[in-house]
1. Among A:G224, A:G92, A:G179, which one shows the highest mean-square fluctuation when chain A is modelled as a Gaussian network with alpha-carbon springs under 10 Å?
2. Within segment B:68-173, which trypsin sites (Lys or Arg not before Pro) sit in a loop by DSSP and count at most 12 neighbouring Cβ atoms inside 10 Å?
3. Under a cut-off of 18 Å between alpha-carbon atoms, report the aspartates and glutamates in cross-link reach of A:K139, not counting same-chain residues fewer than 8 places apart.
4. Quick one: grab the alpha carbon gyration tensor of segment A:1-156, order the square roots of its eigenvalues as a ≥ b ≥ c, and give me rounded if a/c is under 1.5, else prolate or oblate depending on whether a/b is larger than b/c.
5. Using 0.36 nm times the number of residues separating A:S95 and A:L184, minus their current alpha carbon distance, what extension gain do you get?
6. So for segment B:19-165, Kirkwood radius off the Cα pairs, Stokes-Einstein at 4 °C and 1.567 mPa s: how many µm² s⁻¹?
7. Among A:L198, A:L132, A:L124, determine the one that fluctuates most according to a GNM of chain A built with springs between C-alpha atoms less than 10 Å apart.
8. I need the shape label for segment A:64-263. Rule: rounded when a/c is under 1.5, else prolate if a/b > b/c, else oblate, with a, b, c from the alpha carbon gyration tensor.
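Coordinate-derived values only; no laboratory data. The structure displayed is predicted, hence computed values, not measured ones. For neighbour counting, all protein chains shown are included, and Cβ atoms are generated from backbone atoms with ideal geometry for every residue, glycine included.
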Amino acid sequence: MSASRLLFDEPGPRARRRIRIATVLAVVAALALVGLALRQFADNGQLAAERWRPYGTWPMWRYLLEGLRSTLAAAAVSIAISAAAGVALALGRLSPSRWLRLPCAAYVEIVRTVPALLLVYIVLFALPRYGLDLPLFWKLVVPLSVSNAAAFAEIFRAGIRSVERGQLEAGLALGLTRGRAMRLVVLPQAARRVLPSLVSQSAGLLKDTSLGYVVSFAELLYSGKVLANYNHLLIQTYLVVALVYLVINATLSKVARTLEARQRTRPSRAVADAVPAAQPTT
Amino acid sequence: MNVITDHLPEFGSGLLLTVELTLLSLAGALVAGIVVAAMRVSPVGVLRAAGMAYVETLQNIPLLVWLVLAVFGLPEIGVKAGLFTTAVVVISLYQGAYTAEAVRSGINAVPAGQGEAARALGLTFTQSLRLVILPQALRTVVQPLGNIAIMTLMNTALAAAVGVVELTAAANRVNLAEAQPIWIFVAAGLAYMALSGVVGLATGTLERKLAILR
């Protein structure tokens, strides 16, 4: 909490009283909001126990968890494809050859400014007209991979550029080719440094899989839609779906934050090992 | 190319709606973001916790889930608002969480001496935040806010999934009528690129005007 110390000191008696008043007001406001929401629910009969009881039973959850499994599968495949494509694009964008650099840069810049939903519509409605009708799973995974590859490329590029030039030069001096020096020396260090960003981008991609709602691929959100059409518990179903997303993504962001904090406090093992070695031996 | 010129009105109104959605949501996101960021640095513990809960909840649930929940769920509990209004409010609140994080990082980037000087002059928390810290913080986060603006532009497309006929939905409708997907979707893509180009230029200009060199 050292950052928040910027704007206030240790409170004195008057400040403490003001903070107490503000606390009470904030709690009252929060309770009023919750009360208002509950009243709206109650007035429209949405609080009735039988409208919530289905979500205490296994079949409903089994259906949603089935959807969650598809969400995770789509996300995993899409992460793998777009991370691999991202590495390739980042290397291409940093390559000495203009014929590689320009197309890769163009891809990244173009895709970053086109909404994922437009790509989904292209795969859904444009490609079938040209005889390319993908299975549902790929109709979701392909546009997500296409759009996230650009984001991953930018992350990897930042990582590669953050690795000191000397690392690549040392690799070249040892007689490695440029490709091998990149693969064996630079990329492992770059990947380590951008790991937190990779995790949070993956969390973003997991959120994007909710576009399965448009594709009618039975991931979590679309499963929720089907379920809500079947049991007519619209609000309840979508709230449960939202809760599942919240749990999954909050866990992922926590992982990203932990990784980031760990990197900040502890230098990577390579650096730690290098420091004592650099001490002159007398 | 004829499909584009034939359906210029549809594209035009879609484009207009996209621009309106983006601008209104951005304004809303800026307000929500500044309020939440202020809560997160305030001396009141409850407000800090509430701000954090807001950011975590909004960021960790996909925007499309929020849109579906608001557009189809709210009428069920008797909250009836227009489709466009609902979309603007939801996108504002969602982007507000990201804006709050950007503004907070800007607040943390303001040198501690500024806050100390403000307190030494006898300014209260709200005064020092409003008069000293925020003006400096906002100037340092022009670039991140520009990225959020582009992200907002991209995210307004999701409103198409719940029935707002903005640019993406307009392109899709024209395609359903004309069945010439390539030109139609390329045109929509180019329009989005042009819009983000404008946002990028605006951000660059603002940044040059406002940035504080430290």
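1. In the Gaussian network model the winner is A:G179.
2. Numbers: sites: B:K80, B:R104, B:R119, B:R130, B:R139, B:R173; in loops: B:K80.
Listed in order of number, the matching sites are B:K80.
3. Within reach: A:D208, A:E219.
4. Details: a/c = 3.22, a/b = 1.44, b/c = 2.23.
The shape class here is oblate.
5. Details: separation 89, 0.36 × 89 = 32.04 nm, distance 1.63 nm.
So the extension gain works out to 30.4 nm.
6. On the way: Rh = 16.2 Å.
This corresponds to a translational diffusion coefficient of 80 µm²/s.
7. Maximum among the listed residues: A:L132.
8. On the way: a/c = 3.25, a/b = 1.70, b/c = 1.92.
Cα axes put segment A:64-263 in the oblate bin.
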